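This report concerns only the one structure given below.
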Amino acid sequence: MTDIQSTIDGYAGPAVGPAPRGEAMRCLVVDDEPRLRQVLVRLMEGDGFTCLEAANGADALDVLRRMPVALVLTDLRMPQMDGKQLLREVRARYPDTAVVLLTAVAEVEVAVSCLAIGAMDYLTKPFQLDEVRARVSQAIEKRRLIIENREHREKLEQRVAAQARRLEQMFLASIQSLADALEVKDRYTRGHSVRVSQYAAAVARSLELDPDVVRQIELGGHVHDIGKIGVREEVLNKPGALTDEEYEHIMTHPVVGWRILSPLLAEAPLILNIVRSHHERFDGRGIPDGLAGSAIPLEARIAAVADSFDAMTSGRPYRRDRQMTTEAAIAELERCRGTQFDPDVVQAFVRAVREGAVDLRLGA
């Protein structure tokens, strides 16, 4: 008696068992023996499945392209595309589909290799139909648990992301309170920080940095001058040139700001780097640490260009000369490439301006 015939002879009619929970589920039966396909289709339909058929792996993929299924029952040895290759394709294209392999080849290595690449189960012919039903039930339950676990994980990730956004909003509210306090002291700062934030973010995008890095640079630009809250008001708002002592006093703001924000931003080092190092120079003659070249964090080098551009194109209380035009400020940035500024960052800023990514209306 052949394997197929023994399986057919063992079929005693439609099985009586629980249908899959929820909406009716589809099953694809793949085998190059039409009679065995018929037996499996009758079995699965008796358990509440809607069944589709295919004679080989290639035909099965055509069926799956038109209609997704919950379960694939497939023979291993078939022409055109065998069951193992079909399994690989299904796992890659339709990962939520459970695959159970049926074969007359009772080899442990074959079974293990199929399970390793994603088969839910592996049955050898001739098989008892009750055994098929039991294995199918296990495969469907495993599929359900996998999908539920993934959905639970996704919901948990969404909750974590929502909490993270809420924490960021609370943090921004705290920072905004500090910024508001600074704006009371320094009228110039009101628009300056917003412009530096936007200019720095545009440069970061021009450099194709990661979106999360761009976001931190944007936030860092917004609070880069927060240390000026510790600067005397008469110095901040002094009309005319500053004395050497007054200039040294106002230039303490990077370290003051860094000290203020360090307890709040332990997990946002890029923002702290901007606050502390936006007055470093590429040639090492800046403050507060005398860093040079690539030793200056990239985010701080970006903020330095954005800060200087806005300083040149905006009015300040201690400057009697009028602010520069955009072209004059760009020329000054390019003149100071390699000395005060990172040449690559200047190039990225100019490119962002030329491409319209920098909203110069912010400074109007």
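The values are calculated or read from the model by the stated rules, or taken from the named source; none is laboratory data. Since we're looking at a predicted model, the values are computed, not measured. Virtual Cβ from ideal backbone geometry, glycine too; neighbours counted across all protein chains shown. Accessible surface areas use protein heavy atoms only, side chains included; no ligands, DNA or RNA. Shrake-Rupley method; radii C 1.70, N 1.55, O 1.52, S 1.80 Å.
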Next item on the list: Assess whether Asp344 counts as being under 37 Å from the mean Cα position of the chain (by Cα), in a helix (DSSP H, G or I) and either at pLDDT below 95 or of a type in the set (Lys, Arg) (or both).
Entry: no
Next item on the list: Evaluate the following for Asp310: is it crowded, with 20+ Cβ neighbours inside 10 Å and either polar (S, T, N, Q) or within 21 Å of Glu218 (Cα to Cα) (or both)?
Entry: yes
Next item on the list: Select from segment 56-89 the residues that are closer than 19 Å to Gln138 by Cα and assigned to a helix (DSSP H, G or I) and list them in ascending order.
Entry: Leu87
Notebook entry, point to check: Residues in segment 50-62 that are within 12 Å of Arg26 (Cβ to Cβ) and either of a type in the set (D, E, K, R) or open to solvent by less than 20 Å² (accessible area, probe 1.4 Å) (or both): how many?
Noted result: 1
Note to self: I need a count of the residues in segment 84-98 that are without any contact (Cβ under 8 Å) to a residue 40 or more places away in the chain, hydrophobic (A, V, I, L, M, F, W, C) and under 17 Å from Asn56 (Cβ atoms).
What the structure shows: 2
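Just checking, does segment 306-313 include any residue being aliphatic (A, V, I, L, M), out of contact with any Lys or Arg (no Cβ under 7 Å at 6 or more places or on another chain) and under 19 Å from Ser206 (Cα atoms)?
Within segment 306-313 (the criterion being aliphatic (A, V, I, L, M), out of contact with any Lys or Arg (no Cβ under 7 Å at 6 or more places or on another chain) and under 19 Å from Ser206 (Cα atoms)), the answer is yes, since at least one residue qualifies.
The rows are residues; the columns are (1) surrounded by 14 or more Cβ atoms within 10 Å (Cβ to Cβ); (2) among the hydroxyl-bearing types (Ser, Thr, Tyr); (3) part of a helix (DSSP H, G or I); (4) over 32 Å from the mean Cα position of the chain (by Cα).
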site	(1), (2), (3), (4)
Leu101	yes, no, no, yes
Arg133	yes, no, yes, yes
Asn149	no, no, yes, no
Arg153	no, no, yes, no
Gln158	no, no, yes, no
Ala161	no, no, yes, no
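Please pick out the residue among Cys51, Cys27 that is modelled with pLDDT of 90 or more and over 37 Å from the mean Cα position of the chain (by Cα). Before the answer, list the steps.
Details: Cys27 fails: over 37 Å from the mean Cα position of the chain (by Cα).
Unique residue meeting the criteria: Cys51.
Give me a count of the residues in segment 126-147 that are of a type in the set (Lys, Arg) and over 13 Å from Leu40 (Cβ atoms).
First, the residues of segment 126-147 that are of a type in the set (Lys, Arg): 133, 135, 142-144.
From what is left, the residues that are over 13 Å from Leu40 (Cβ atoms) are 142-144.
Here the count works out to 3.
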Check: So which residues in segment 347-357 are loosely packed, with under 14 Cβ neighbours inside 10 Å and in a helix (DSSP H, G or I)?
Finding: Arg354
Next item on the list: Determine whether Leu360 is crowded, with 20+ Cβ neighbours inside 10 Å and modelled with pLDDT under 90.
Entry: no
Notebook entry, point to check: Consider Val112 against the criteria (1) among the hydrophobic types (A, V, I, L, M, F, W, C); (2) at pLDDT 85 or above; (3) open to solvent by 70 Å² or more (accessible area, probe 1.4 Å): it satisfies all of them except one. Which criterion is unmet?
Noted result: (2)
Margin query: Scan segment 83-95 and tell me whether some residue there is within 14 Å of Asp31 (Cβ to Cβ), open to solvent by less than 50 Å² (accessible area, probe 1.4 Å) and among the charged types (D, E, K, R).
Written below: no
Notebook entry, point to check: Which residue pairs have Cβ atoms under 6 Å apart, sit 6 or more places apart or on different chains, and have a first residue in segment 201-219 that is farther than 16 Å from Phe309 by Cα and a second that is open to solvent by 80 Å² or more (accessible area, probe 1.4 Å)?
Noted result: Ser206/Arg351; Val214/Arg205
Check: Of all residues in segment 254-299 being among the basic types (Lys, Arg) and over 22 Å from Tyr199 (Cα atoms), which is most open to solvent (accessible area, probe 1.4 Å)?
Finding: Arg285
